[in-house]
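Q: Just passing along the structure, written as structure tokens.
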Amino acid sequence: MAYRMTRHGEKRAQQRGIKFEAIKFIIENADIRRHAGDGRRELGISRRRLAVLRRKGSPATLIERTDGKRIIAFEESGVTVVVTTYPLH
């Protein structure tokens, strides 16, 4: 699957220290999917799912970087477009 970031998404990810590798990991492993309006979805990985991914050998750095993080994205012509990223408080 292809991915791209909007300029806003790139800016917010940079401000929040969220690397593209972590964003891709969230998209590929998300088990939290909520409607976010205008055809967009909020994606995240639950702590339960992160524990499973850890046991299956996913890199600990990615587990740590994605814990408590969410992205807003939409599909466009088969491409997942990331609009923004944010941490849960």
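The values are calculated or read from the model by the stated rules, or taken from the named source; none is laboratory data. Since the structure is predicted, the reported quantities are computational estimates derived from the model, not experimental observations. Glycine gets a Cβ as well: all are built from the backbone with ideal geometry, and neighbour counts include every protein chain shown.
Q: Checking residue 41 against (1) closer than 19 Å to residue 75 by Cβ; (2) surrounded by fewer than 17 Cβ atoms within 10 Å (Cβ to Cβ); (3) touching a strand residue (DSSP E or B) at 6+ places or on another chain (Cβ under 8 Å): exactly one of these is not met. Which one?
A: (2)
Q: If a residue has to be more than 19 Å from residue 14 (Cβ to Cβ) and in contact with a Leu (Cβ under 8 Å, 6 or more places away or on another chain) to count, how many in segment 59-89 make the cut?
A: Going through segment 59-89 one residue at a time, the tally reaches 2.
Q: Collect the residues in segment 57-89 that are under 13 Å from residue 3 (Cβ atoms) and touching a residue at least 40 places away in the same chain (Cβ under 8 Å), keeping them in residue-number order.
A: To start, the set of residues in segment 57-89 that are under 13 Å from residue 3 (Cβ atoms) comprises 71, 73-83, 85.
Those that are under 13 Å from residue 3 (Cβ atoms) and touching a residue at least 40 places away in the same chain (Cβ under 8 Å): 71, 73, 78, 79, 80, 81, 82, 83, 85.
Q: Tell me which residues, restricted to segment 57-89, are of a type in the set (D, E, K, R), farther than 12 Å from residue 27 by Cβ, surrounded by 12 or more Cβ atoms within 10 Å (Cβ to Cβ) and more than 12 Å from the chain's Cα centre (by Cα).
A: The answer is 64, and nothing else.
Q: Does residue 54 satisfy the criteria of being surrounded by 13 or more Cβ atoms within 10 Å (Cβ to Cβ), outside any strand (DSSP E or B) and either in contact with a Ser or Thr (Cβ under 8 Å, 6 or more places away or on another chain) or without any contact (Cβ under 8 Å) to a residue 24 or more places away in the chain (or both)?
A: yes
Q: From the residues in segment 54-77 that are of a type in the set (A, V, I, L, M, F, W, C) and in contact with a helix residue (DSSP H, G or I) (Cβ under 6 Å, 6 or more places away or on another chain), which one is nearest to residue 22 (Cα to Cα)?
A: 62
Q: Return the residues of segment 25-51 that are of a type outside the set (A, V, I, L, M) and assigned to a helix (DSSP H, G or I); say none if nothing qualifies.
A: Across segment 25-51, the qualifying residues are 25, 28, 29, 47, 48, 49.
Q: Just the residues that are closer than 19 Å to residue 9 by Cα and not acidic (Asp, Glu), please, taken from segment 33-58.
A: Hits for segment 33-58 are 33, 34, 35, 36, 37, 39, 40, 41, 43, 44, 45.
Q: Just to check your reading of the model, which residue among 22, 13 is in a helix (DSSP H, G or I), buried (at least 18 other Cβ atoms within 10 Å of the Cβ), at pLDDT below 90 and out of contact with any Gly (no Cβ under 9 Å at 6 or more places or on another chain)?
A: Only one candidate qualifies: 13.
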